[in-house]
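Asker: Just dropping this structure here.
The values are calculated or read from the model by the stated rules, or taken from the named source; none is laboratory data. Please read these numbers as outputs of a predicted model, since none were measured by experiment. Cβ sites come from the backbone with ideal geometry, for glycine too, and all protein chains shown count toward neighbours. To get the accessible areas, we keep the full protein, side chains included, count just its heavy atoms, and leave off ligands, DNA and RNA. Shrake-Rupley method; radii C 1.70, N 1.55, O 1.52, S 1.80 Å.
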Amino acid sequence: MPSLRELQVDVMHALLDGESDRALEHAVPLIAARGIAPSHLLGVYAHTALTNFTESISSSFPAIRRLVGDDYFRCLARGFHARHPSLSGDLQPAGRRFAQYLLELHSDNEYRYLGEVARLEWLIQETLLAADHGPLDLAKLQQVAPADYDDLRFELHPSARLFAAPFPCLAIWEANVGSDAEPEPIDLAAGPDRVLLVRNNGQLKFHPLSRGEQDFLQSLQAGERFAAAVERGAGHGELDAAHGEFDVAQGDARAFDAAAVLERFVLAEVIVDFSMAALV
Amino acid sequence: MTDRGVRSDARSGVRSGARSGVRSGARSGVRSGARSGVRSGVRSGVRSGASSGACSDPRNDARNDARVERGEPGSPMSAMAPIGLRAGIGLRARHHLQVLSDSPAVAWFEAHTENYFADGGAHVEALARIRARYPLSLHGVGLSLGSADPLNTLHLERVRRAVQRFEPALLSEHLSWSSIDGRFANDLLPLPYTDEALRHVSTRIAQAQDYLGRRILIENVSSYLQFDCSRMPEWEFLTSVAQESGCGILLDLNNIYVTARNHGFEALRYLDAIDPRAVQEIHLAGHSSMEFEGRTLLIDTHGTPVCDAVWDLYRAALLRFGDVPTLIEWDTDIPALEVLMAEAAKADARRADAHAVAA
């Protein structure tokens, strides 16, 4: 008599590792033959495993499914399942590596954008499922002396995700989830995407970013001090000094730019908290 | 700056779609092959919601309490709205908004635990609001209690968090396995009914109960195959697991019917073997069938009305087990809420009939 583990290993092999006779050879003898062939019975379960998985991927990547069509999407899901089966009793994370899978599959052809759009779709998932957080407590911020701002560590909303790609992925995504109508053609050369995703009050929002803003927010997200984040943001010279009245620090035009950016993302509830950097 | 807002509700079905797929995909896949026409309502909701560009979807009787042997430290029963005797229905994401806007006269809801694992978002918010108005049961599909792998404490912790958050009156899982060596089939696979499996799954259920600080109910699954090494019938295995682990039993009468038909035994024999004191909940659902070389295999699709034979079994169960909280489960081709409520009303009528007979 096989041990429980031996039985389960053989059955799982039959369910997940293809429909070849070889995958079934150890599992079939384990099954009491009373009518329907054991291979058919195992096939019912194998089919269920793949279908569950495919459904999960499909619901996580609706734009990809629409872009490639149902038939090819099922092919992609089958290939992805063979390489990256579910590692959790919760199917939601099953698509975590799907974008990377697509990027590798189409690394050197015209469909490279598919993987990038999939990367955006996965970030949308993360944004929609992240914890809630209220806006930044301005009264608390006002208690900080301006001279201490450099040492603040600002925190982004738990749902905030930064996305950058060499293609206009957001436009592609919107065209493929917004309507059943045939989307207008999108020029892949229309430019790169730099965008911040955040969920506020149940709304998924996309904030287009300059390169400086992207680096600034990335630095904050990495837990760097405000001064370090400003330095990174200003490294591109793109911060717009024309607006913003947040008097973070005096004089320095670079700091003034940072104040405008800070204000924008505080008001947009992207920057939602802060702490003083530990004095080391 | 123009922010392009998209209602997150429209896509929040994504989350639960993933989860409900465990059950719906399981069944729909078998029924319809790889065709997508049988996507769960949750997923259809994702699609249609996104398409419209708007927000679319997004007994406890004394006996029960007395049998909560492991206690519920830090979680007073008063915080948990008790589940009454009227039949409840399975909560699916496509009905969230209707439930919240219409407050339909549903006795209680049962939700799939894994659908609400997220830290935030439309689904967990909806369940919290529904929970504030209705008694709730949480029903897990992913703990893989029968697996020979170590107990997945990460998953268990998420269940614990959901229990803290939603304070369900009942908490249940399945007498099955779905993973080995860390790989998951995300389906409810039958166990071999051996002494080793009995000891193993009983120990793990006890571990889960200790971790969660409360008793759980364990449900019998439908099965399409039996293992040659099984040494006892499923009812004996289930009864022994309940005795050894201290868990309660969630008896799915449709699963008993499907399994009985597939393996050629009398469903009533199953009922007669179950200790009435252990049964804390009953599930009713529909099934479908497939043909293999002229032989019929019943498939647990949970996508059709409860069949007459299962209603007859329900009557027998009521006479044997007394009035037990009953749930209408529907996981694929999810119909309008009113259809589910009509099935629940049918169950309530059967309960009244059985009472009259018993009296």
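Asker: Filtering the stretch B:145-157 down to residues that are in contact with a Lys or Arg (Cβ under 9 Å, 6 or more places away or on another chain) and not charged (D, E, K, R), which residue is surrounded by the fewest Cβ atoms within 10 Å (Cβ to Cβ)? Working first, answer last.
Answerer: First, the residues of the stretch B:145-157 that are in contact with a Lys or Arg (Cβ under 9 Å, 6 or more places away or on another chain): B:145-149, B:151.
Subset that is not charged (D, E, K, R): B:145-148, B:151.
Details: B:L145: 30, B:G146: 26, B:S147: 27, B:A148: 21, B:L151: 17.
Out of the qualifying residues, it is B:L151.
Asker: Then there's this: Looking only at the stretch A:146-179, count how many residues are over 27 Å from A:R112 (Cβ atoms) and within 14 Å of another protein chain (Cβ to nearest Cβ).
Answerer: Count: 3.
Asker: Also: Testing A:V280 on (1) modelled with pLDDT of 95 or more; (2) open to solvent by 60 Å² or more (accessible area, probe 1.4 Å); (3) among the hydrophobic types (A, V, I, L, M, F, W, C), one condition comes back false. Which one is that?
Answerer: Among (1) modelled with pLDDT of 95 or more; (2) open to solvent by 60 Å² or more (accessible area, probe 1.4 Å); (3) among the hydrophobic types (A, V, I, L, M, F, W, C), A:V280 violates only (1).
Asker: Kindly list the number of the only condition in (1) in a strand (DSSP E or B); (2) over 19 Å from the mean Cα position of the chain (by Cα) that fails for B:N186.
Answerer: Tallying (1) in a strand (DSSP E or B); (2) over 19 Å from the mean Cα position of the chain (by Cα), B:N186 fails exactly one: (2).
Asker: From the set of residues in the stretch B:174-194 that are aliphatic (A, V, I, L, M) and within 9 Å of chain A (Cβ to nearest Cβ), which is nearest to A:P29 (Cα to Cα)?
Answerer: Going through the stretch B:174-194, the residues aliphatic (A, V, I, L, M) turn out to be B:175, B:180, B:185, B:188-189, B:191.
With within 9 Å of chain A (Cβ to nearest Cβ) added as a condition, the list becomes B:180, B:185, B:189, B:191.
Numbers: B:I180: 19, B:A185: 20, B:L189: 17, B:L191: 15 Å.
Ranking the candidates gives B:L191 first.
Asker: Here is a follow-up. Can B:S103 be described as open to solvent by 10 Å² or more (accessible area, probe 1.4 Å) and either within 23 Å of B:V221 (Cβ to Cβ) or out of contact with any His (no Cβ under 9 Å at 6 or more places or on another chain) (or both)?
Answerer: Details: open to solvent by 10 Å² or more (accessible area, probe 1.4 Å): yes; either within 23 Å of B:V221 (Cβ to Cβ) or out of contact with any His (no Cβ under 9 Å at 6 or more places or on another chain) (or both): yes.
Against the criterion (open to solvent by 10 Å² or more (accessible area, probe 1.4 Å) and either within 23 Å of B:V221 (Cβ to Cβ) or out of contact with any His (no Cβ under 9 Å at 6 or more places or on another chain) (or both)), B:S103 qualifies.
Asker: Follow-up question, since we're still on this one. Just to be sure before I move on: is B:A242 under 27 Å from B:V159 (Cβ atoms), of a type in the set (A, V, I, L, M, F, W, C) and crowded, with 24+ Cβ neighbours inside 10 Å in the structure I sent? Full working, then the answer.
Answerer: On the way: under 27 Å from B:V159 (Cβ atoms): yes; of a type in the set (A, V, I, L, M, F, W, C): yes; crowded, with 24+ Cβ neighbours inside 10 Å: no.
Against the criterion (under 27 Å from B:V159 (Cβ atoms), of a type in the set (A, V, I, L, M, F, W, C) and crowded, with 24+ Cβ neighbours inside 10 Å), B:A242 does not qualify.
Asker: Looking at (1) assigned to a strand (DSSP E or B); (2) open to solvent by less than 40 Å² (accessible area, probe 1.4 Å); (3) farther than 25 Å from B:R204 by Cα, can you tell me which one B:G286 breaks?
Answerer: (1)
Asker: Additional query: Can you tell me which residue in the stretch A:2-27 is surrounded by the fewest Cβ atoms within 10 Å (Cβ to Cβ), limited to those that are among the polar types (S, T, N, Q) and closer than 16 Å to B:A197 by Cα? Talk me through it step by step, then tell me what you get.
Answerer: Just the residues of the stretch A:2-27 that are among the polar types (S, T, N, Q), to begin with: A:3, A:8, A:20.
Going one step further and asking which of them are closer than 16 Å to B:A197 by Cα, we end up with A:3, A:8.
Working: A:S3: 15, A:Q8: 26.
Within the stretch A:2-27, the match that is surrounded by the fewest Cβ atoms within 10 Å (Cβ to Cβ) is A:S3.
Asker: Output the residues belonging to the stretch A:59-83 that are open to solvent by 10 Å² or more (accessible area, probe 1.4 Å), more than 7 Å from every other protein chain (Cβ to nearest Cβ), assigned to a helix (DSSP H, G or I) and farther than 24 Å from B:Y224 by Cβ.
Answerer: A:R65, A:R66, A:L67, A:V68, A:D71, A:Y72, A:C75, A:G79, A:R83
Asker: Would you mind stating whether B:I249 is buried (at least 17 other Cβ atoms within 10 Å of the Cβ), under 22 Å from B:D308 (Cα atoms) and among the β-branched types (V, I, T)?
Answerer: Values: buried (at least 17 other Cβ atoms within 10 Å of the Cβ): yes; under 22 Å from B:D308 (Cα atoms): no; among the β-branched types (V, I, T): yes.
In short, no.
Asker: Report the residue count in the stretch B:210-221 for those that are closer than 15 Å to B:G146 by Cβ and not aliphatic (A, V, I, L, M). Working first, answer last.
Answerer: If we filter the stretch B:210-221 for residues that are closer than 15 Å to B:G146 by Cβ, which is where we start, we get B:216, B:218-221.
Then keep just the ones that are not aliphatic (A, V, I, L, M); that gives B:219-220.
Residues meeting the conditions: 2.
Asker: Among the residues of the stretch A:84-94, is any more than 8 Å from every other protein chain (Cβ to nearest Cβ), open to solvent by 10 Å² or more (accessible area, probe 1.4 Å) and over 15 Å from the mean Cα position of the chain (by Cα)? Talk me through it step by step, then tell me what you get.
Answerer: The first filter runs over the stretch A:84-94 and keeps only residues more than 8 Å from every other protein chain (Cβ to nearest Cβ), leaving A:84, A:93.
Subset that is open to solvent by 10 Å² or more (accessible area, probe 1.4 Å): A:84, A:93.
Now narrow it down to the ones that are over 15 Å from the mean Cα position of the chain (by Cα): A:84.
Yes, the conditions are met somewhere in the stretch A:84-94.
Asker: Being among the β-branched types (V, I, T) and at the interface with another protein chain (Cβ under 10 Å from one of its Cβ atoms) is the filter here, so list the residues in the stretch B:118-172 that pass it. Break it down stepwise before answering.
Answerer: Quick first cut of the stretch B:118-172, residues among the β-branched types (V, I, T) only: B:124, B:130, B:141, B:153, B:159, B:163.
The answer is B:V124, B:V141, B:V159.
Asker: Out of (1) open to solvent by 20 Å² or more (accessible area, probe 1.4 Å); (2) touching a Lys or Arg at 6+ places or on another chain (Cβ under 7 Å); (3) within 25 Å of B:I216 (Cβ to Cβ), what's the single condition that is false for B:G322?
Answerer: (2)
Asker: Take A:Q221 and decide whether it is of a type in the set (S, T, N, Q), within 27 Å of A:S275 (Cβ to Cβ) and out of contact with any Lys or Arg (no Cβ under 7 Å at 6 or more places or on another chain).
Answerer: Values: of a type in the set (S, T, N, Q): yes; within 27 Å of A:S275 (Cβ to Cβ): yes; out of contact with any Lys or Arg (no Cβ under 7 Å at 6 or more places or on another chain): yes.
So A:Q221 passes the test.
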